[in-house]
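The values are calculated or read from the model by the stated rules, or taken from the named source; none is laboratory data. It should be emphasised that the depicted structure is a prediction, and the values quoted were computed from it without experimental measurement. Note that we place each Cβ from the backbone using ideal geometry, even for glycine, and neighbour counts take in every protein chain shown.
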Ligand SMILES: O=C(O)CCC(=O)C(=O)O
Ligand SMILES: [Fe+2]
């Protein structure tokens, strides 16, 4: 009986690995190491095969978790959530090598001033960083959005905080939070970054339809984006103080736009290693009301918030 159960588990595990490998190959992720590790699973019972299985599960799981698009797949195949949704190490190991065209001769962002759709059109699909100054001053969200807007919104909609953890993404960067709930449960002094408090900076994706609907009541699709561009039904919020976002690449499908609504923030962009000898780092500062457009799939990016200021921004994709 025990033997039969063991065989069933083995068969199930092999099927899961086959499925996972198919998905990896289909999505162009070449992970030769994972492949050779996976082959080891097919070896007969031995202490080593358990080690290989363990290592492979961790590697595969980590690699798949690294891409948000696999989050739901992991849940449906293995029945558990990604513990490490943002494993930048694996992202780095599996990213395609760049031809450096995106950063050649770029030393500063292109700066536009509250550009119209027509003025923005020539730049709409470039990988060069762009700032559109004062693009969002007219948004009601510019006045309305703050820490308490989001706390009250999430606390008033059942399961919405949980949905960030389960279906979307929570980025704690250097802060000691595990979930968005920890952010909304902070003391008033910490929310306000009072002296002596641990400063914090977080970002999270909203995939909860009701939350998104409420948020979107306060801002339209950015007016400068091409009329026919696709927008996902997901928006990110980044907020907090001081350290900002740690340097990373995004594994997203499209270009991104960001609305800087509160505080000022410095963006630090770095070309990937293979482009270091041809391209330069780029640094720029954005202010409340500015739009930022960076191809965060090819530019490593990190942010720093101006000391003493609270930063809040909304970010999404277009393509
Ligand atoms: O706004 C930030 O601090 C980071 C934003 C970011 O990582 C992004 O837009 O991809
Ligand atoms: Fe990013």
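For region 302-312, the count of residues that are more than 20 Å from residue 105 (Cβ to Cβ), in contact with a helix residue (DSSP H, G or I) (Cβ under 8 Å, 6 or more places away or on another chain) and within 10 Å of ligand 1 (Cβ to nearest atom) is at least one. Only strands (runs of 3 or more DSSP E) whose full extent lies in region 230-319 are considered here, and the ones with at least 2 residues that are within 20 Å of residue 113 (Cα to Cα) and within 14 Å of ligand 2 (Cβ to nearest atom) are 255-262, 265-270, 291-294, 311-318.
Against the definition (surrounded by fewer than 20 Cβ atoms within 10 Å (Cβ to Cβ) and either away from ligand 1 (no atom under 12 Å from the Cβ) or within 19 Å of the chain's Cα centre (by Cα) (or both)), how does residue 287 come out, yes or no? Spelling it out, residue 287 is indeed surrounded by fewer than 20 Cβ atoms within 10 Å (Cβ to Cβ) and either away from ligand 1 (no atom under 12 Å from the Cβ) or within 19 Å of the chain's Cα centre (by Cα) (or both).
Checking 251, 238, 224 one by one, the residue that is at negative phi, crowded, with 16+ Cβ neighbours inside 10 Å and modelled with pLDDT under 95 is 251 and no other. All of 262, 234, 217 fail the test of being more than 26 Å from residue 280 (Cβ to Cβ) and away from ligand 1 (no atom under 13 Å from the Cβ), apart from 217.
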